[in-house]
Amino acid sequence: MADTMKLHYTVDADDFTVAGEASGAVKKVLKQLGFSSDIIRKVAVAMYECEINMVIHADGGVIDVEITPEKIRMIHSDKGPGIKDIEKAMQEGFSTADEKVRELGFGAGMGLPNMKRYTDEMNITTKIGEGTVVDMTVYVK
Amino acid sequence: MKLSEVKEILNAEVVAGEEFLDREVKSAFGSDLMSDVLAFVKDQALLLTGLVNGQVIRTAEMMDIKAIVFVRGKKPTEDIAELAKEYQMVVMTTDYTLYPSCGKLYCAGLVPNEERVD
Ligand SMILES: Nc1ncnc2c1ncn2[C@@H]1O[C@H](COP(=O)(O)OP(=O)(O)OP(=O)(O)O)[C@@H](O)[C@H]1O
Ligand SMILES: [Mg+2]
């Protein structure tokens with residue numbers, strides 16, 4: 001596995017039940033490639049939280065994953081409403097999710113802090129009315 | 001604790017993974033919030049929840065949770081059970097609500113699971 005392995009996923013916003021399919025697929029790939037369960041868990045959880053956000057806060061989007069023996073990078077891009085105040089959004093407990101989302105078990109305002117905790121690098125680029133890109137990297141130490 | 005013991009203590013009905021009741025769980029976590037599960041759970045944990053939908057199964061899969069108890073008599077639909085079977089999980093339902101379910105297991109020696117990932 002000398003080269004970079006690239007994976008691409010489209011996240012559908014209409015169907016909440018399929019949210020998590022992309023992260024589940026990546027988890028499987030990483031397992032096959034023989035990464036440690038610790039690394040796999042970090043990537044899977046960060047990606048899953050981000051995937052859910054794309055479904056509940058944006059209109060879905062695309063995910064690009066790059067895997068090398070040294071690191072795993074996940075780039076989530078959506079064309080949703082954008083994030084008004086990133087600093088606020090990063091706080092535990094901050095959420096704009098509605099009642100419907102809460103009934104599904106999400107909207108606790110824990111997603112972005114979780115992603116930060118599980119990854120080594122995390123960058124958010126966002127523009128109101130245009131969309132959000134969440135770029136995360138997990139290093140294989 | 002063996003899952004067969006969990007089943008007995010909670011007087012639970014097994015909906016998926018009957019063949020894996022020999023499995024051990026080392027700790028447990030009770031919550032209806034999936035993001036809390038994603039923040040707190042460690043290896044080989046049992047998840048107790050009152051939330052019943054497919055995302056519970058997917059969340060569990062992300063966290064390598066292999067056993068779930070749905071509390072207060074909530075029965076998962078066929079597709080949820082199918083997803084759990086696909087992931088080789090044990091799924092049970094108990095009539096007890098979340099607090100007594102956790103309390104009974106705690107008293108029987110199943111410790112909590114709150115170590116946070118940093
Ligand atoms: N892709 C996105 N597009 C637009 N807004 C977003 C996006 N991701 C996050 N947000 C905003 O940031 C807030 C915090 O996100 P975070 O993931 O931490 O919590 P949550 O999704 O509301 O709840 P939880 O993740 O616990 O289910 C969201 O409520 C939403 O307002
Ligand atoms: Mg979120």
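With respect to the conditions (1) more than 10 Å from chain B (Cβ to nearest Cβ); (2) surrounded by 17 or more Cβ atoms within 10 Å (Cβ to Cβ); (3) modelled with pLDDT of 95 or more; (4) within 25 Å of A:Leu7 (Cβ to Cβ), A:Val62 falls short on a single one, namely (2). Would you mind stating whether B:Val52 is part of a loop (DSSP other than H, G, I, E, B), closer than 17 Å to A:Phe106 by Cβ, in contact with a helix residue (DSSP H, G or I) (Cβ under 9 Å, 6 or more places away or on another chain) and among the hydrophobic types (A, V, I, L, M, F, W, C)? Taking the combined requirement at face value, the residue satisfies it.
Regarding A:Ala108, is this residue more than 9 Å from ligand 1 (Cβ to nearest atom) and crowded, with 16+ Cβ neighbours inside 10 Å? Steps first, answer last, please.
Values: more than 9 Å from ligand 1 (Cβ to nearest atom): no; crowded, with 16+ Cβ neighbours inside 10 Å: yes.
So A:Ala108 fails the test.
Any residue at all in the stretch B:22-31 that's open to solvent by less than 40 Å² (accessible area, probe 1.4 Å) and either touching a Gly at 6+ places or on another chain (Cβ under 6 Å) or more than 30 Å from A:Glu92 (Cβ to Cβ) (or both)? No, there is no match, as no residue in the stretch B:22-31 is open to solvent by less than 40 Å² (accessible area, probe 1.4 Å) and either touching a Gly at 6+ places or on another chain (Cβ under 6 Å) or more than 30 Å from A:Glu92 (Cβ to Cβ) (or both). Filter the stretch B:78-88 for residues that are within 13 Å of chain A (Cβ to nearest Cβ) and open to solvent by less than 70 Å² (accessible area, probe 1.4 Å) and give the result. Once the filter is applied, which keeps residues that are within 13 Å of chain A (Cβ to nearest Cβ) and open to solvent by less than 70 Å² (accessible area, probe 1.4 Å), the stretch B:78-88 yields B:Ile80, B:Leu83, B:Tyr87.
Of the residues making up the stretch B:61-75, at least one is within 11 Å of another protein chain (Cβ to nearest Cβ), open to solvent by 10 Å² or more (accessible area, probe 1.4 Å), at pLDDT below 95 and not in a strand (DSSP E or B). Output the number of the condition that A:Ile72 fails; it satisfies all remaining conditions of (1) more than 9 Å from ligand 1 (Cβ to nearest atom); (2) open to solvent by 20 Å² or more (accessible area, probe 1.4 Å). Just one mismatch for A:Ile72, condition (2).
Out of B:Val37, B:Val52, one residue alone is out of contact with any Cys (no Cβ under 9 Å at 6 or more places or on another chain), open to solvent by less than 10 Å² (accessible area, probe 1.4 Å) and within 14 Å of chain A (Cβ to nearest Cβ). It is B:Val37. The C-beta contact set for the stretch B:12-24 (first residue farther than 7 Å from B:Val90 by Cα, second residue surrounded by 19 or more Cβ atoms within 10 Å (Cβ to Cβ) and among the aromatic types (Phe, Trp, Tyr), distance under 7 angstrom, 6+ apart or interchain) is empty. Residues in the stretch B:78-118 that are in a loop (DSSP other than H, G, I, E, B), more than 13 Å from the chain's Cα centre (by Cα) and modelled with pLDDT under 95: B:Tyr87, B:Gly109, B:Val111, B:Glu114, B:Glu115, B:Arg116, B:Val117, B:Asp118.
Please tell me if B:Gly17 is open to solvent by less than 20 Å² (accessible area, probe 1.4 Å), touching a Lys or Arg at 6+ places or on another chain (Cβ under 9 Å) and on the phi > 0 side of the Ramachandran plot. Against the criterion (open to solvent by less than 20 Å² (accessible area, probe 1.4 Å), touching a Lys or Arg at 6+ places or on another chain (Cβ under 9 Å) and on the phi > 0 side of the Ramachandran plot), B:Gly17 qualifies. Checking each residue in the stretch A:117-141 for being within 11 Å of another protein chain (Cβ to nearest Cβ) and either within 11 Å of ligand 2 (Cβ to nearest atom) or surrounded by fewer than 16 Cβ atoms within 10 Å (Cβ to Cβ) (or both) picks out no residue at all.
Among the listed residues A:Gly80, A:Gly107, identify the single one that is at pLDDT below 95 and within 17 Å of the chain's Cα centre (by Cα). Write out each step before concluding.
On the way: A:Gly80 fails: at pLDDT below 95.
Matching residue, one of A:Gly80, A:Gly107: A:Gly107.
Cβ-Cβ contacts under 7 Å between residues 6 or more apart (or on different chains), taken from a first residue in the stretch A:91-112 that is within 10 Å of another protein chain (Cβ to nearest Cβ) to a second residue that is among the hydroxyl-bearing types (Ser, Thr, Tyr), are listed as A:Phe106/B:Ser35; A:Gly107/A:Ser95; A:Ala108/A:Ser95; A:Ala108/B:Ser35; A:Gly109/A:Ser95; A:Met110/B:Ser35; A:Gly111/B:Ser35.
Condition check: more than 16 Å from ligand 2 (Cβ to nearest atom) and either without any contact (Cβ under 8 Å) to a residue 40 or more places away in the chain or open to solvent by 30 Å² or more (accessible area, probe 1.4 Å) (or both). Does A:Lys84 satisfy that? So A:Lys84 does not fit the description; no.
The values are calculated or read from the model by the stated rules, or taken from the named source; none is laboratory data. Source: prediction; values computed, not measured. Because the Cβ atoms are built from the backbone with ideal geometry, glycine has one as well, and the counts that use them run over all protein chains shown. All accessible areas refer to the heavy atoms of the entire protein, side chains included, with ligands and DNA or RNA removed. Shrake-Rupley method; radii C 1.70, N 1.55, O 1.52, S 1.80 Å.
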